[in-house]
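Structure first, commentary second.
The values are calculated or read from the model by the stated rules, or taken from the named source; none is laboratory data. All values derive from a computational prediction rather than experimental measurement. Ideal geometry is used to build each Cβ from the backbone, glycine not excepted, and the neighbour counts take in all protein chains shown.
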Amino acid sequence: MERVCVYPQDIVNCTGKSLRYAQKTLQNLRAILKKEKHQLITKQELAAYLDIDEDKIKLL
């Protein structure tokens, strides 16, 4: 079974950007979705935000 929630390192691995970029991306996405700090971001939400195919996001 594959993980559903996304962590900053997953964004780093997918985009090749820095860890700080990944942290900022999750922070911005939480603000847009009106989620609190403890609530997780799903793979589907990240794919929609980055406008990429969900299947291209590989979670380790």
key: Condition check for Leu59: assigned to a loop (DSSP other than H, G, I, E, B), surrounded by 13 or more Cβ atoms within 10 Å (Cβ to Cβ) and not basic (Lys, Arg)   = yes
In the range 26-43, residues that are closer than 19 Å to Arg3 by Cα and in contact (Cβ under 8 Å) with a residue 12 or more places away in the chain total 6
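Assess whether Asp10 counts as being more than 11 Å from the chain's Cα centre (by Cα) and at pLDDT below 95.
Details: more than 11 Å from the chain's Cα centre (by Cα): no; at pLDDT below 95: yes.
Criteria not met by Asp10.
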Counted residues in the range 24-40 being farther than 17 Å from Lys58 by Cα, of a type outside the set (S, T, N, Q) and not in a loop (DSSP other than H, G, I, E, B) come to 5
The residue that is farthest from Leu59 (Cα to Cα), considering only those in the range 1-23 that are surrounded by 14 or more Cβ atoms within 10 Å (Cβ to Cβ) and β-branched (Val, Ile, Thr), is Thr15
Among the residues of the range 22-60, the number that are at positive phi and hydroxyl-bearing (Ser, Thr, Tyr) is 0
A careful count of residues in the range 31-59 that are among the small types (Gly, Ala, Ser) and more than 17 Å from Asp10 (Cβ to Cβ) gives 1
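Could you list, in sequence order, the residues of the range 13-23 that are at pLDDT below 95 and assigned to a helix (DSSP H, G or I)? Walk me through how you get there before you give the answer.
Going through the range 13-23, the residues at pLDDT below 95 turn out to be 13-16.
Of everything in the range 13-23, those that are at pLDDT below 95 and assigned to a helix (DSSP H, G or I) turn out to be Asn13, Cys14, Thr15.
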Note on the range 41-52: residues loosely packed, with under 13 Cβ neighbours inside 10 Å and either hydrophobic (A, V, I, L, M, F, W, C) or outside any helix (DSSP H, G or I) (or both) are Asp51
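State whether one or more residues within the range 24-35 are surrounded by fewer than 16 Cβ atoms within 10 Å (Cβ to Cβ), at pLDDT 95 or above and in contact with a helix residue (DSSP H, G or I) (Cβ under 6 Å, 6 or more places away or on another chain). Reasoning before the result, please.
Residues of the range 24-35 that are surrounded by fewer than 16 Cβ atoms within 10 Å (Cβ to Cβ), as a first pass: 24, 27-28, 31-35.
So of that shortlist, the ones also at pLDDT 95 or above come out as 24, 27-28, 31-35.
If we keep only those that are in contact with a helix residue (DSSP H, G or I) (Cβ under 6 Å, 6 or more places away or on another chain) too, we end up with none.
No: the range 24-35 contains no residue that is surrounded by fewer than 16 Cβ atoms within 10 Å (Cβ to Cβ), at pLDDT 95 or above and in contact with a helix residue (DSSP H, G or I) (Cβ under 6 Å, 6 or more places away or on another chain).
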